[in-house]
Each structure stands twice: as C-alpha cells, then as structure tokens.
Amino acid sequence: MRIRVISLLLLLAWISQPAKCHSHEARHYVATELTVDPPQIDGILDDGAWQHAVWQSGFIQHEPYNGREASQETLFAVLFDNNYIYVAIRAYDSSPDSIVCRRTRRDQADGDKVGIAFDSYHDLRTGFVFGVSAGGTRFDWLISNDGQQEDHSWDPNWWVKTHVDDEGWTAEMRIPFSQLRFERNGGRLWGMQVFREIHRNSELSFWSHIPKDAPGLVHRFGTLDGLGQIEPRSIFDVTPYTVALTDRYLATPGNPFQTGHDDRFKLGVDSKIGLSNYLTLDLTLNPDFGQVEADPSEVNLTAFETFFEEKRPFFIEGRNIMSFGLGIGEGGIGNDNLFYSRRIGRRPLGNIQADSGAYVDKPSFTNILGAAKISGKTDSGLSIALMESLTSEANATIDLDGERSMQLIEPLTNFFVGRLQQDFRNGSTLIGGMFTSVNRRLDENLALQMHRNAYTAGVDVTQFFRDKSFMVNVNAAFSHVAGDKEAILRTQRSSARYFQIPDEGMMRLDPERTSLTGSGGRIQVGKMGDGHWNFMAAMLWKSPQFEINDIGYMRESDNLFQVAWIGYRQWEPKGIYREYRINFNQYRQWNFNGDLMLNGMNVNGFIRYRNFWSTSMGVEYARDILSKSLLRGGPMFQTPNLVNAWARVGTDNRKKLTASLTGSYNHGMENYQQARSASASLTYKPIDNLNLSFAPSWSRRSQAMQFVGHRSIGSEQRYLFGSMEQEVISFSFRVNLTLLPDLTLQYWGQPFVAAGSYNTFKYVTDPRAGRFDDRYAVFTDNQIGLSDGVYRVDENLDGTIDYMFGKPDFRVREFLSNLVLRWEYSPGSSLYLVWSQDRNNYEVNGPVDYFHELNSLFSEKPSNTFLLKFSYRIGLR
C-alpha cells in the first residue's frame, strides 16, 4: 500500500508540471455588421450582403490525414444584425456529381455536411453546433465538458437552406441570437469553429485545426470578434398542444375495463422562457409523450432492474449538466447516477389487494402534472441546473360484482434536482455539487412499501493538467432515505444490498430501522490526450446503506471497485489500415467486509482497413467470483471462473448497402454455464431519402444455476435452482422516409420470442465448497415430481410433501411497432400522426420453434393505439 501511495504522489507531481508547448495556431475571424438588406435564406449566395462579408478558408484535416490541408477548398463568411447571425459556407468540390445528398430526419444527417459552432460563453468548454447536410437536413447539438458530452436533443429554432451547383454546394443559415446564451459582451470574444465532412472520403476538416490527440474540442476553437455591442435576446416560446388518442383491442367478456376501446383527449403546454441573459426556464404542464418509441422487449431473469434509456424530449434536453456519475464505462455499473429521469412518471409500484374474482384497472404510468427546468451558465463560469417535477396520485379501480372501489398505488410525489458547477482557470479546474430530493404523500398502505422522503447530495472536483491532457476527478455523494419500519425493511432486503445474507461479518438486517444513510463515490486519474498512449485508473465505492434508487439508478451497494485501463491508438493511415486501437483493462471488486468478489481482465482492439471495412474483437477472463445476488438474499455463492470472447466485422459505412455481424461466446468453467449469441445489421439506402434497416439477433444460454425459489424445511433454508436452457430471437427493422427536410415517416417493428426450460432441480448445500459440484445437491426422481404444473418435493422421503414450487418454464412472444408521421410545419410547431401496435402472449412451455412461434405471434390479436398530436409555437423575440 505504501508503494502505491508513493507511486500516486509521483504521478501527480509529474502531471502537474508545465506542459510542453503544443503547436496551436488559433484562428481569428471578425464578423461583419449588416449595412444593407439581410440575405434571403435560399442556399444561393447571390445576395449583395455577402459581397460585403469577409471570407476565410484554410481548412485542415482532422481525419483521415491529421494536420494535412483539406482535399477540397471551403470558404465561409459571417454577418450579423441586431437579431440574427447569418452564415454562408461555400463547399467547393472538383467532382460535384460525387456529393452525397441524402435526406434524413433532423439530427440524423447523412452524406456531405458543413456546420458552425459557437462558444458564446467563451468558457472553452461549451459549444452550440448548427449544421446541415448537402441534402438539406438540419442537425444541432450542445457540446459540454470540452467535447466529452453532446446533447443531440437540443433543438433550437433556426433556418438553413442548401444548394448544389457545378462548383460544389452551398449552405446559408440564419440563427437568432435568442437561441444562444451570452452576456453583454463589451467587446468580449466568442469561440468559433467551422467544419466540413466529405462523405466519400470519410474526411473531416476544421477551420481551426483540432489534432487527433487533442484532449478536448472546444478549447481548440478559433475566436470570433465584432459582436461586442450585441444585446442578448431572451427567448419566449409558448407551445400549447392537443392530443386525441384511441385504443382498440380485443374485449374481454365480463370485464368492465376491457370493453375493446378507450378514447382520450388531452391538452397541455410546453414553454421555453429566457429568465435572464444566461438562464432559461423550460416548463411543461400535463405533458404527453405518446409519439415516443416503446422500449425494446426483453426477458430479465436477474435480481436487478433493467436500465432503459430516456426517450422523452423534456427529460433528454440538458441532461448532461444534471448528470452525477458514480460508475465508469458503459452499461452495468456505468449507469450508476444520482439522477435517473425514468423514475419520474414510472409504472405505479404499489401492491393491489383485491378479492378473488374482482376485475382490476391499473394505469400503466404515473401521470406527470408538470415539470420545470432552469438551466444556464453565468459569465463567471457558474453552470446552473434546477428541475422540479410533480406526479399525481395513481389509483387502481377494482370492480367486484358491479361494486367499484379505488385503491391508491402511487402517491402524490415531488421530485427535485439541483446541480451547480463552477469553472476556474479557463475550465482547468471544476468544482460542483448536486442535491436531489423525493417527497411522497403516503397513505397507511403505501407507507409500508415506499420511502416517505429520500435525499442525496454530492460534491465533485475535477482538475486538468498539462493542456488538459491529464485529469484527476473526485465525485463523492451521500444518501438518506426515511420512512416507516416496514418500508425500510424492504429496502434492506432489496437486491441492491440483501442485508439478510447470513455470512459472517456482513451488515445485519435491523427491522427497527426507520432510515438508512450511506455514501458512494469515484476517484479517477487519467491521461486522455497528447499522444498515442492513454490510461485511466479509478476506484469506486458504495457503502452498504447507500440508496439512490428513488430518483437515481444503482444496481448494488456494498462494494469497492478498482479498475485500470491503458490504451494505444494509431490514427495515421498506413499499409492495410486507416486506424486502430488496442486496450487492456484490469479490475477487482470487494465488499465492505473485505471479501474479494471479482477479479478480472480483458483485452480488446479495433481496426479500420483501407477499404473502410472494420473489425473489433476482445477476450475477457474473470475469476474469484463471489455472488451475493445468486441466492437472492441467501449466503454468498462462489461461482466458477468465466471466459468471454466477442468479435464484430463491419462493411464500408459510406455505401448505400452496409452490414455488420457480431458474435460472442461465454464459457463458465466446471460446466457452470455456456452462452452464445449472434446479431447482424443490414442497412440499405436505395434512394437519397429512404433508409431501410434490419437487425436480427439470436442467443442461447445454458445455465446450471438459475434461481427458482426459496423455501424452508423445518429450521433449515432451501435455495432452489434448476438447470436452464434459454433461447431468444428477435428481429428489429426500421423504415425512415424523408419526404421533405421537415416531413418524415418513420416505422419501427420488433418481433420477439424467448423461451426457457428447466430441468435437473437442485438445492444449495455448501455455497463455497472447493468443487462446484459439491456446492449443491440434485433432487432424485424419488424426491421431486411434477403434477398440474407444480413441482412437489419430498426431500427426506418420508412420504410427506416438504415444499412445492411452480413450473418455471416460460415462453414469451411479443411484437411491438410504431409508425410515426412527423411534420414540423413551422420551427417549433409540429404535427404527429402515430400508430402503435402490441401483440403479446405468455405461456408456461418449453423450447422455441422459430417459424411456429413467429407464425403464432402474428396470429395473436393486436392492441392498436392511434394518436394525433398538434402543437403550435407562439414565439416572441
């Protein structure tokens, strides 16, 4: 430990030394104020105003040949008046017939592209990007943390047109100052970057060069001058909307809630209001997200909840600043965060108590009464984000012989999130904090099931060194949940902690507790630029009582996780390759009792060839795997070592027809488990405005220890398992048709079939025995028998049934689809026509017969939803 501390201190001392001077010639541009009529935005640069503008060129490649002069000349000019910035870009092309002019939906631009980005705060960390494809598709996003995060949900109101001629193509933009955030400048500079992508060459070039090994983007922007006298413009957009919706489904005889149709009508309003030069209020009342695509199908047999991506526009926009990560990497623990917006408007979780024979009508989601966000950044570098949301009570309606009653299953709940972060030294030092709260109004029944109050708070410090090539980051947080004893007991027993585990030294269950208080955090040290070699080392911790799942997301508490990564990347094309990357990862995990829970490593790599095909592959080995979740609260179980390997090959993504194939193999030693999976992706673009994609996937898993249940025989506990064969097949297909840049038709469909069959039932005897086979005992045919879908166990063979459990086999068939016509008939105003269909069936059955299952799936009676949503923006600027 002493050697590790000394090594860390030496590393910190080295990276804190002044960096070597990097060649960085910052470009400079002076915008021209309009003294004549503003240009007409038609994509043809023949207006007199452009004759008075200052034109610049000299673009430098970022890829494929870092630092070389761009292969085609690009010119741009910037004009302004009191209300707008005007941008003209002339993209010369020696082969204009090779320009790729594909039309796609907004923010999904494809083909040749140009764009401009403004760092109007000039904080060297934040950029507002406005771009367009040669086919006329707009794309815009918000860059934060010097390019480490991008918010593609940011959709400002602005205008752009393009035009293709025999010299290349042109783009003409008009951007309202109200869509940008800046202080009264008094002559202050903005950051600015202009870029161009040439699709056929996979070439990206910048006006102000950004080297491939630069540890960020925004701090390498050039500067824009001349806007010193412009007054900031506050945005004031109010967008009322109306929704008409009808559901059509198969009626259930006798069920008063399943009549075969439901009709609804809804009114609401969204607004975006500038509170000051730098603060914006986003407000939504009675929001509707009916146009949002459904979550993909899945079968989850683990003890943990599935993490689903946020798709609702209000919660997507600006989520970067509200993030407070406690994990690392992508997926798994990488999702751990103090704020998980899917908690707001979730499925009601209260238990329903109804007599046998009663019919129950339960809402699918909790209604959001309203939500408000205040966000922005001051001239002094203080980033601010506040969000408040209120969800209504949700009631289940119970009908018993015509008598109806209501039962509360989700309380009136208030959610609050606050985030502050201050920049120092041009973004080289960041100090921030976050606070969240959840407060519920509970009745006597729900008080036994849910926390009354939940709070979290965190502090984060990030320090960059050597021109931002090196970084040290510390995120530390605490949590506090309070409620009735029964609710806190449920939390102690949850899969996130399992305090009932009987192992020596583990945190003990306390049925008298009315609160839990814990801490978690992350420490990172890394090099993320300035050369081909990079590394990262991190330590993560979550104490046993740490609980953030009321408004955040966390799989497990009670762990210490150490990870180290080193990677090498080569981006200069040479020989058979254009670029390649090689990575090595090592990780270990302990619990707070000091038990080693996991010890593993993996090696992976990626290469893109000269012909633009690519290959990636990796292999992982894990040992010393001690699971506290396998027995769902029973003793910790030592599982055999695992080997996992995967590979992917992809074709040239510039072509009209592209494809990829991915495969993986997972092997558990001592016949513990074996898993294989394969997936493919096929995309075809027959014409410039049509995109067809098809993505089938298949997986098969053999598992020797799949949890079945927990029973008691006298004073002894029995943790029951079965060997399981699981098979999953799905097909996801999409059709994207762009009729006009602002008129699109999009279809998504996913047939999904999954089945699992169990055999060789067993119970755990010695969870940490030396040999895997000695950790359990298999039931003999004399001990277990199946009758009427129930397994009956006579363990001691005395002729008396000791315990029973249901047949766990399953077969799931589901088909989800969405058809969405979207027309943005005016900036910020839109019309949606939506058709959603759901077909599903669940059976207690065995293996999958693909063709039979798919045929049966489409014979299921569908549930159809038809929705019309109309919104109209009222904007004052």
Item to complete: With the checklist (1) modelled with pLDDT of 95 or more; (2) of a type in the set (A, V, I, L, M); (3) within 28 Å of ASN320 (Cβ to Cβ); (4) touching a Pro at 6+ places or on another chain (Cβ under 8 Å) in hand, flag the one item LEU390 doesn't pass.
Response: (4)
Discussion item. I'm told PHE478 meets every condition in (1) part of a strand (DSSP E or B); (2) within 27 Å of ILE409 (Cα to Cα); (3) open to solvent by 40 Å² or more (accessible area, probe 1.4 Å) except one. Can you identify the failing condition by its number?
Written reply: (2)
Worksheet, complete the sentence: Residues of region 423-435 being in contact (Cβ under 8 Å) with a residue 24 or more places away in the chain, open to solvent by 40 Å² or more (accessible area, probe 1.4 Å) and assigned to a strand (DSSP E or B), in sequence order, are PHE424, ILE431
Worksheet item: Is it true that GLY350 is open to solvent by less than 20 Å² (accessible area, probe 1.4 Å), farther than 20 Å from PRO287 by Cβ and in contact (Cβ under 8 Å) with a residue 40 or more places away in the chain?
Response: yes
Worksheet item: Right, ARG654: farther than 30 Å from ASP766 by Cβ, touching a His at 6+ places or on another chain (Cβ under 8 Å) and either open to solvent by 40 Å² or more (accessible area, probe 1.4 Å) or assigned to a strand (DSSP E or B) (or both) or not?
Response: yes
Practice prompt. May I ask you to say which residue of PHE308, PHE339, PHE315 is exposed (fewer than 14 other Cβ atoms within 10 Å of the Cβ) and either among the aromatic types (Phe, Trp, Tyr) or under 14 Å from the mean Cα position of the chain (by Cα) (or both)?
Written response: PHE308
Worksheet item: What do you reckon, is MET617 surrounded by 15 or more Cβ atoms within 10 Å (Cβ to Cβ) and without any contact (Cβ under 8 Å) to a residue 60 or more places away in the chain?
Response: yes
Worksheet item: Can you tell me which of ASP443, ASP460 is out of contact with any Ser or Thr (no Cβ under 8 Å at 6 or more places or on another chain), among the acidic types (Asp, Glu) and closer than 30 Å to ARG220 by Cα?
Response: ASP460
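Per-residue answers, yes or no, for (1) open to solvent by 50 Å² or more (accessible area, probe 1.4 Å); (2) over 28 Å from GLY663 (Cβ atoms); (3) assigned to a strand (DSSP E or B); (4) in contact with a Leu (Cβ under 9 Å, 6 or more places away or on another chain):
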| residue | (1), (2), (3), (4) |
| --- | --- |
| SER699 | no, no, yes, no |
| GLY722 | no, no, yes, no |
| PHE733 | yes, no, yes, yes |
| LEU739 | yes, yes, yes, yes |
| GLY749 | no, no, yes, yes |
Practice prompt. Could you grab me the full set of residues in region 46-63 that are touching a residue at least 60 places away in the same chain (Cβ under 8 Å) and either buried (at least 20 other Cβ atoms within 10 Å of the Cβ) or touching a Cys at 6+ places or on another chain (Cβ under 7 Å) (or both)?
Written response: PHE59, GLN61, HIS62
Worksheet item: In this structure, is SER715 modelled with pLDDT under 95, open to solvent by 50 Å² or more (accessible area, probe 1.4 Å) and more than 30 Å from SER826 (Cβ to Cβ)?
Response: yes
Discussion item. For region 76-104, give me the residue count where each residue is surrounded by fewer than 18 Cβ atoms within 10 Å (Cβ to Cβ) and assigned to a strand (DSSP E or B).
Written reply: 1
Response to the item:
For region 353-391, the count of residues that are in contact (Cβ under 8 Å) with a residue 60 or more places away in the chain, under 17 Å from PRO313 (Cα atoms) and hydrophobic (A, V, I, L, M, F, W, C) equals 7
Response to the item:
If you go through LYS468, LYS527, the only one that is more than 26 Å from GLY633 (Cα to Cα), charged (D, E, K, R) and in contact with a Phe, Trp or Tyr (Cβ under 7 Å, 6 or more places away or on another chain) is LYS527
Worksheet item: Which of the residues spanning region 620-651 are closer than 13 Å to MET705 by Cβ, touching a residue at least 60 places away in the same chain (Cβ under 8 Å) and open to solvent by less than 60 Å² (accessible area, probe 1.4 Å)?
Response: SER629, LEU630, LEU631, GLY634, PHE637, GLN638, THR639, PRO640
Item to complete: Might you check whether a residue that is touching a residue at least 40 places away in the same chain (Cβ under 8 Å), within 30 Å of SER681 (Cα to Cα), under 33 Å from the mean Cα position of the chain (by Cα) and assigned to a strand (DSSP E or B) occurs anywhere in region 705-718?
Response: no
Practice prompt. Scan region 790-801 residue by residue and report those that are of a type outside the set (A, V, I, L, M) and open to solvent by 40 Å² or more (accessible area, probe 1.4 Å).
Written response: ARG792, ASN796, ASP798, GLY799, THR800
Discussion item. Looking at region 139-170 only, could you name the residues that are part of a loop (DSSP other than H, G, I, E, B), within 30 Å of LEU430 (Cα to Cα) and of a type in the set (D, E, K, R)?
Written reply: ASP155
Worksheet item: ILE687 fails exactly one of the following numbered conditions: (1) at pLDDT below 95; (2) in a strand (DSSP E or B); (3) among the aliphatic types (A, V, I, L, M). What is the number of that condition?
Response: (2)
Practice prompt. Taking ASN599 as the residue in question, decide whether it is in a strand (DSSP E or B) and open to solvent by 20 Å² or more (accessible area, probe 1.4 Å).
Written response: yes
Fill in: Residue pairs meeting the criteria (Cβ under 8 Å; at least 6 apart or on separate chains; first over 26 Å from LYS468 (Cα atoms) and at pLDDT below 85, in region 141-161; second open to solvent by less than 40 Å² (accessible area, probe 1.4 Å) and in a helix (DSSP H, G or I))
SER153/ILE316
Fill in: Contacts under 6 angstrom Cβ, first residue in region 403-414 being within 18 Å of ARG343 (Cα to Cα) and without any contact (Cβ under 8 Å) to a residue 60 or more places away in the chain, partner hydroxyl-bearing (Ser, Thr, Tyr) and surrounded by 13 or more Cβ atoms within 10 Å (Cβ to Cβ), 6 or more apart
THR413/THR391
Item to complete: Might you check whether a residue that is closer than 30 Å to GLY505 by Cβ and open to solvent by less than 40 Å² (accessible area, probe 1.4 Å) occurs anywhere in region 580-588?
Response: yes
Response to the item:
Those residues of region 123-138 which are open to solvent by less than 10 Å² (accessible area, probe 1.4 Å) and farther than 29 Å from SER428 by Cβ amount to VAL132, SER133, ALA134, THR137
Practice prompt. Please specify each residue of region 199-215 satisfying the condition of being crowded, with 21+ Cβ neighbours inside 10 Å and either basic (Lys, Arg) or under 15 Å from SER57 (Cβ atoms) (or both).
Written response: SER205, PHE206, TRP207, SER208, HIS209
Worksheet entry | Some residue of region 682-690 being more than 16 Å from THR765 (Cβ to Cβ), of a type in the set (Lys, Arg) and either touching a residue at least 60 places away in the same chain (Cβ under 8 Å) or open to solvent by less than 50 Å² (accessible area, probe 1.4 Å) (or both) | yes
Discussion item. Being free of Cβ contacts under 8 Å to residues at least 60 places away in the same chain, of a type in the set (A, V, I, L, M) and open to solvent by 50 Å² or more (accessible area, probe 1.4 Å) is the requirement here; does LEU267 meet it?
Written reply: yes
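The values are calculated or read from the model by the stated rules, or taken from the named source; none is laboratory data. For clarity, every value in this text was computed on a predicted model and none was experimentally measured. Every residue, glycine among them, receives a Cβ derived from its backbone with ideal geometry; neighbour counts consider all protein chains shown. These area figures cover heavy atoms from the full protein model, side chains too; ligands, DNA and RNA do not enter into them. Shrake-Rupley method; radii C 1.70, N 1.55, O 1.52, S 1.80 Å.
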